[in-house]
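What follows is a single structure, written as structure tokens, with notes after it.
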Amino acid sequence: MRKISFNRKSLNFRLWLYFVCFAMMLMAILWFLQIFFLNTYYQDMKIRETAKVAQTIEKQFGGEGFNDAVRELSIVNDMYIHIETFDGTGIIFSPATEERHRPSYAYISEMRAVREQLLRSADTHVSIIIPEARTDTNTLAYASYLNQSPNPFNRVILYIFSPLYPVSSTVSILSTQLAYVTVISLLLASVVSFYLSRKLTLPKDLMANVSHDLRTPLTMVKSYAEMIRDISGDDAEKRNSHLNVIIEEADRLNLLVSDMLTLSGVQSGAIPIEKSRFNIKDVIESILQTYSLHSENEGYDFILSCGEDVAVTADQEKIKQVISNLVNNAVKYCGADKTITITVKEINNKIRCEVEDRGEGIPQSDIGKIWDRYYKGGAAAGTGLGLAIVKEILTLHNAKYGVESELGRGSTFWFEL
Ligand code: ADP
């Protein structure tokens, strides 16, 4: 059984760490931009907006419907616009003359301040931010010349005042939201990394199991070879029995390696499912063919109950592997009874295949575990991979499968296509 370990060097942990760090970094950037730069960003945006409005006014200055256009701009952009001659004697546009409810010269002190700036500046326009201690709402004051007469007294000055609302309430809303987003993204990062690490660590995982499972038979081979060299080399009988152990272990190794390759191939998707329509009876018969030695020499009895033409759509080679693993288990665990029954029938538009033996059966407590990789029950001498391969292949086919078993009475493994 695979364990998810969280030691600090494991891939799981590192993957989780990377994901969480990545999420934290993104969040930090977001916090920084939203919370610390919001005010600056907002002010810059306002300054740009004001400059744009001023440009529009400059272009239309002196044109027809000028006052209407300015009034419209003032309303749409929530700006207080005032245009007058250099010495302030001639008012060209003022909300006081346009909209009765606005107080005249609402921004009188601000106007003085920005005018001073403009006169001192070599530029044709200036903008300043004037703090307002009482209300928190600062004012963006902008002033520019609308015409470029060499005699300053002939010039016309445009003033635009725009309220800069405090961003603190927005910042506090954003902070709350960001707190939620941070928690959610950390959770998501954990879940995704956990899921990914499960997927990614499989081949790693395999290495751990491979080294463990291969070591045992290899140690056996080595020790028996040494035994032959040092002790039994001259004794034909002992030597042969030791050589047999070596041959058996080599066979086991062979089986183990091929099972491991099949399982990891199917699991990683390296061996994709290729469906075709075929007659399942042919497949079963070809499997039973390989057991003809068992039937003839060792008295095994294989009973096949299947219609003549039972077509299924599936990956033929992989289904063959499934049936072959099930039959192989039935042979291994049928005990003295030696009768294996394979039944193929149609139920609810599905083809159901059953492999039954009347052997030792499986304890109820083991039923859930037998499909796990490397699970070997009782005195089993297999690789513990057979049913894991079956499970993997049938899952890829979205096929139902299962086992009914009773201790001492035998087991029926089944799947439906
Ligand atoms: P193994 O190589 O050990 O047979 P499997 O994955 O094929 O590995 O099977 C896992 C375990 O399930 C076996 O070790 C055995 O205990 C049990 N098992 C599988 N098939 C049968 C069966 N037909 N009868 C009894 N026990 C079985």
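Label-to-label distance for residue 68 and residue 129 is 3.7 nm, based on points extended 7 Å past Cα in the beta-carbon direction. Each of residue 226 and residue 117 was given a label point 7 Å from its Cα along the Cα-to-Cβ line. The distance between the two points is 9.0 nm. Extension gain, residue 108-residue 176: 0.36 nm per intervening residue step, less the Cα-Cα distance, totals 20.6 nm.
Sorting the segments 45-52, 58-65, 410-417 by their mean number of nearby beta carbons within 10 angstrom, highest to lowest, gives 410-417, 45-52, 58-65. Taking the Cβ of residue 385 as the center, what net charge do the other residues with Cβ under 11 Å away carry, scoring Lys and Arg +1 and Asp and Glu -1? Counting the neighbours of residue 385, the net charge comes to -1. Label separation (residue 147 vs residue 398): 8.0 nm, computed from points 7 Å beyond Cα along the C-beta direction.
The residues packed around residue 295, meaning those with a beta-carbon under 12 Å from its beta-carbon, carry a net charge of -2 if Lys and Arg are +1 and Asp and Glu are -1. Within straight-line reach of residue 199, meaning a Cα separation under 27 Å, sit the following lysines at least 8 residues removed in sequence or on another chain: 3, 9, 275, 318, 320, 369, 376, 391, 400. Rounded, prolate or oblate: which fits region 356-417 when a ≥ b ≥ c are the square roots of the eigenvalues of the alpha-carbon gyration tensor, with rounded for a/c under 1.5 and prolate only if a/b beats b/c? Oblate is the answer for region 356-417, as a/c is 1.5 or above yet b/c matches or exceeds a/b.
Under 13 Å from a label point set 7 Å out along the Cα-to-Cβ vector of residue 346, the amide N atoms of region 313-337 belong to 313. Applying a length cut-off of 30 Å (Cα extent along the axis) and a mean Kyte-Doolittle floor of 0.0 to the DSSP H helices of the chain leaves 168-230.
With R₀ fixed at 60 Å, the C-beta to C-beta distance from residue 308 to residue 199 puts the FRET efficiency at about 0.90. Residue separation of residue 297 and residue 35 scaled by 0.36 nm, minus their Cα-Cα distance, works out to 86.0 nm of gained length. Given R0 = 30 Å, the distance between the Cβ atoms of residue 191 and residue 273 translates into a calculated FRET efficiency of 0.60.
The three principal axes of the Cα atoms in the chain give end-to-end lengths of 127, 59, 37 Å, sorted in falling order. Where a Cα-Cα gap under 13 Å defines reach, which aspartates and glutamates qualify for residue 345, not counting those fewer than 8 residues away within the same chain? Correct list for residue 345: 308, 309, 354, 416.
No value in this document is a laboratory result; all are computed from the given coordinates. Just so it is clear, the structure is predicted and the values come from calculations on it, not from any experiment. Here the Cβ is made from the backbone with ideal geometry for all residues, glycine too, and neighbour counts use every protein chain on show.
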